[in-house]
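Written below as structure tokens is the structure these notes are about.
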């Protein structure tokens, strides 16, 4: 339903399969009362109830734990732009109308909306409330979901970077740099990630004659890759323990393989953006063999 048709002071967005904790609406309302006039949106944490169904659902759950229990609160603390999760978002209706509502042509309209709120000078925060979701457990479902997600992020980056100087003025230097790191660098890293392995394999196969000064280049690139893996694994382990998912820590060792799958989805997203830019690849829900919980328990962090 378009936000202009809503009648309340606050507008909440939930996916049909969501299972929010019973106190979430009260927590969101309290956050707006305490947050001041610039607070436009609060985001609840998303958690996965079918995490142990498959390799992909476990990695998806760990990714969500790192994002909603670690990265987003850190971005909020640093007052950098937050990309929204698309569900369990609670908005002030007047500010949502002021910035133009959702972009119907962006396939991750939540990411775009988070950046637009920042451009208008409004704030987004994460509240201590959990919404349970179903993760895509099969390759086909996961591939489609991640392709659409990355495609929307690319759309968001290209739209807001059409006028870089205007974006700089709207966000200011600090938030502009944050936008480049959270959106631009994420897209770039997904696209360049597999090329390290490809170049390293070629360089080794042809006796070090493929890349000029290849040994030094590959050493620097490899060190950067290991540092990236290490930071991501530490964040994932810390947030998994804090959220009560310590039993899945062993799955963190498969993060490099999961990132390669993400890179595949990124290249698929680029192709999809060129061929059918506004096509929304739907994610099928309700297929999990694990039954959703009847009640959500909020773990204090």
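What the table shows:
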read-out: Residue among 207, 222 that is modelled with pLDDT under 80 and either surrounded by 17 or more Cβ atoms within 10 Å (Cβ to Cβ) or over 30 Å from residue 72 (Cα atoms) (or both); value: 207
read-out: Of all residues making up the stretch 2-42, the number that are touching a helix residue (DSSP H, G or I) at 6+ places or on another chain (Cβ under 7 Å) and assigned to a strand (DSSP E or B); value: 7
read-out: Only one of 63, 34 that is within 29 Å of residue 179 (Cβ to Cβ) and without any contact (Cβ under 8 Å) to a residue 40 or more places away in the chain; value: 34
read-out: Qualifying position, being surrounded by fewer than 22 Cβ atoms within 10 Å (Cβ to Cβ), within 15 Å of the chain's Cα centre (by Cα) and part of a helix (DSSP H, G or I), among 178, 114; value: 178
read-out: Any hit, the stretch 156-170, residues being out of contact with any strand residue (DSSP E or B) (no Cβ under 7 Å at 6 or more places or on another chain), part of a helix (DSSP H, G or I), modelled with pLDDT of 90 or more and closer than 30 Å to residue 49 by Cα; value: yes
read-out: First in the stretch 82-100 and part of a helix (DSSP H, G or I), second anywhere and crowded, with 23+ Cβ neighbours inside 10 Å, Cβ under 6 Å, 6 or more apart; value: 95/40
read-out: Residue list for the stretch 269-290, restricted to those being modelled with pLDDT under 80 and out of contact with any helix residue (DSSP H, G or I) (no Cβ under 8 Å at 6 or more places or on another chain); value: 285, 286
read-out: Pair list, Cβ < 6 Å and 6+ apart or interchain, from the stretch 270-294 residues that are on the phi > 0 side of the Ramachandran plot to residues that are modelled with pLDDT of 80 or more; value: none
read-out: Candidates 22, 28, 16, filtered to the one that is closer than 21 Å to residue 280 by Cα and more than 17 Å from the chain's Cα centre (by Cα); value: 16
read-out: The stretch 160-174, subset in contact with a helix residue (DSSP H, G or I) (Cβ under 7 Å, 6 or more places away or on another chain) and in contact (Cβ under 8 Å) with a residue 40 or more places away in the chain, residue surrounded by the most Cβ atoms within 10 Å (Cβ to Cβ); value: 160
read-out: Residue match in the stretch 56-77 (condition: assigned to a loop (DSSP other than H, G, I, E, B), touching a helix residue (DSSP H, G or I) at 6+ places or on another chain (Cβ under 6 Å) and modelled with pLDDT of 90 or more); value: no
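The values are calculated or read from the model by the stated rules, or taken from the named source; none is laboratory data. This structure is a prediction, so every number in the text was calculated from the model and none was measured. We place every Cβ from the backbone using ideal geometry, glycine too, and count neighbours over all the protein chains shown.
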